[in-house]
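Reviewing the structure listed below.
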Amino acid sequence: MKENTGKGILAGGNWIIDNVKIVDVYPKEEKLANILRESTSNGGAPYNVLKAISKMGFQFPLKGIGAIGNDERGEYILNECRELQIDSSQIKKVEDSNTSYTDVMTVNGTGRRTFFHSRGANAFLDGSYFNFSGRKAKIFHLGYLLLLDKLDAVGADGLTGAAKVLKEARQCGMITSADLVSEQSERFKTIIPLALQYVDILFVNEFEAGMLTGIEICDDEGKCSIANAYQAADAILNGGVQQWVIIHFPKGAIALNKSGEKLFQPSVKMPAEKIKGSVGAGDAFAAGVLAGVHEDWTMAKSLLLGVNVAAASLMDASSSESIVSWQECLKLGADFDYNRD
């Protein structure tokens, strides 16, 4: 990883309120499902990542960039940032727009999720929100690409708004990382590649990696090929990513860098009865990895923390409420072992 003397993590992009509803079954159209319980919590890459790092107990500075509405959901976000000691001075209110929210339907017993999303103020987030002058953060994380209307738009210079933001962050000396949304469209191959040359660390799940490369990592029965994951990561690296491509999937995560270093970290073998939902697990994983990178840990150790933080997040239906100190997170793997088969 390139040398960086900054401190802290700056995260921008989607700030979302998740309305998580646990249902007995996901219904067919015009059929009934019962809501068993529900809760309101954080959602979106910067919100989830920064909250997870705060709850893990890391003491370096955390700062968010984003757009919210002038409404109760927006106040919820700002109040929680204060409680978590996340600097929210660059989270701006957009008049005449609602704070973005997602209704998350989670099936009881399986944790499988379906999302109904209102873009709200996030649709107005553009490059003008990102002021890096005088910033001394070590890492800048941006997400979710493909869910940020103005930052996903291609300008006359052939670059997306996200590409320009990431380019500026790198020019300011920050390590850049990015995450995507699992949209089912051809935009993966037309929008994402325009930003890759300005990304040091790219986080994708098995679906997103497949959409970017056409390489299937996991089949319909959930069987995943590590060899295919490395092949997909190599293709994405060749698309421009500067340092690491990290692909996470239910059985673990692989990482591949420009030097050809290959790493595989199995996920924690969590007992089924402890799993309450998988909302935000990918962001929890990214939070663990980025915290490790910030602390100059090896990527192997960072991946280890990542899968353990993701495991901790599974123990609550929300994205982050069950995340504990990073030391306690690491005990999960010791207690339950890893998916080594």
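Quick look at the numbers
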{"quantity": "Selection count where residues are assigned to a helix (DSSP H, G or I) and buried (at least 17 other Cβ atoms within 10 Å of the Cβ), scope the range 44-72", "calculated": "12"}
{"quantity": "Strands (runs of 3 or more DSSP E) enclosed by the range 234-312 - at least 1 residues per element that are at pLDDT 95 or above, in contact with a Ser or Thr (Cβ under 6 Å, 6 or more places away or on another chain) and under 28 Å from I191 (Cα atoms)", "calculated": "252-257"}
{"quantity": "Only listed residue being in a strand (DSSP E or B) and either modelled with pLDDT under 95 or in contact with a strand residue (DSSP E or B) (Cβ under 6 Å, 6 or more places away or on another chain) (or both), chosen from T110, T106", "calculated": "T106"}
{"quantity": "All positions within the range 213-233 that are closer than 22 Å to S313 by Cβ and assigned to a helix (DSSP H, G or I)", "calculated": "A229"}
{"quantity": "Residue within the range 23-40 that is within 19 Å of the chain's Cα centre (by Cα) and either of a type in the set (K, R) or open to solvent by less than 30 Å² (accessible area, probe 1.4 Å) (or both) present", "calculated": "no"}
{"quantity": "Residue match in the range 295-302 (condition: more than 30 Å from R170 (Cβ to Cβ) and either free of Cβ contacts under 8 Å to residues at least 24 places away in the same chain or surrounded by fewer than 20 Cβ atoms within 10 Å (Cβ to Cβ) (or both))", "calculated": "no"}
{"quantity": "Residue in the range 261-293 that is least open to solvent (accessible area, probe 1.4 Å), counting only those that are free of Cβ contacts under 8 Å to residues at least 24 places away in the same chain and of a type outside the set (A, V, I, L, M, F, W, C)", "calculated": "G292"}
{"quantity": "Residue that is farthest from L147 (Cα to Cα) [pool: residues in the range 88-102 that are assigned to a strand (DSSP E or B) and open to solvent by less than 40 Å² (accessible area, probe 1.4 Å)]", "calculated": "S88"}
{"quantity": "Residue ID - nearest to P27 (Cα to Cα), chosen from residues in the range 114-139 that are among the polar types (S, T, N, Q) and open to solvent by 50 Å² or more (accessible area, probe 1.4 Å)", "calculated": "S128"}
{"quantity": "Set L146, L142, L151: member being open to solvent by less than 80 Å² (accessible area, probe 1.4 Å), touching an Asp or Glu at 6+ places or on another chain (Cβ under 8 Å), at positive phi and not small (G, A, S)", "calculated": "L146"}
{"quantity": "Of all residues in the range 177-212 being touching a residue at least 40 places away in the same chain (Cβ under 8 Å) and part of a strand (DSSP E or B), the one that is farthest from the chain's Cα centre (by Cα)", "calculated": "I201"}
{"quantity": "Residue match in the range 136-149 (condition: farther than 30 Å from E261 by Cα and small (G, A, S))", "calculated": "no"}
{"quantity": "E75 being assigned to a helix (DSSP H, G or I), modelled with pLDDT of 95 or more, more than 22 Å from V181 (Cβ to Cβ) and open to solvent by 10 Å² or more (accessible area, probe 1.4 Å)", "calculated": "yes"}
{"quantity": "Residue list for the range 150-191, restricted to those being basic (K, R) and more than 18 Å from I139 (Cβ to Cβ)", "calculated": "K150, K164, R187, K189"}
{"quantity": "Among (1) in a loop (DSSP other than H, G, I, E, B); (2) of a type outside the set (S, T, Y); (3) open to solvent by 70 Å² or more (accessible area, probe 1.4 Å); (4) at pLDDT 95 or above - the single one R82 does not satisfy", "calculated": "(1)"}
{"quantity": "Members of the range 323-341 that are among the hydrophobic types (A, V, I, L, M, F, W, C) and either touching a residue at least 24 places away in the same chain (Cβ under 8 Å) or in contact with a helix residue (DSSP H, G or I) (Cβ under 7 Å, 6 or more places away or on another chain) (or both)", "calculated": "I323, V324, W326, C329, L330, L332, F336"}
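So that you can scan it fast, the table gives a plain yes or no per residue for (1) under 26 Å from G111 (Cα atoms); (2) out of contact with any helix residue (DSSP H, G or I) (no Cβ under 6 Å at 6 or more places or on another chain); (3) modelled with pLDDT of 95 or more:
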residue: M1; (1), (2), (3): no, yes, no
residue: E38; (1), (2), (3): yes, yes, no
residue: Y47; (1), (2), (3): yes, yes, yes
residue: I68; (1), (2), (3): no, no, yes
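The values are calculated or read from the model by the stated rules, or taken from the named source; none is laboratory data. Treat the numbers as computed from the prediction; the structure is a model and nothing was measured. With ideal geometry, Cβ positions are generated from the backbone for all residues, glycine too; neighbour counts draw on all protein chains shown. Keep in mind that these areas ignore ligands, DNA and RNA; they rest on the heavy atoms of the full protein, side chains included. Shrake-Rupley method; radii C 1.70, N 1.55, O 1.52, S 1.80 Å.
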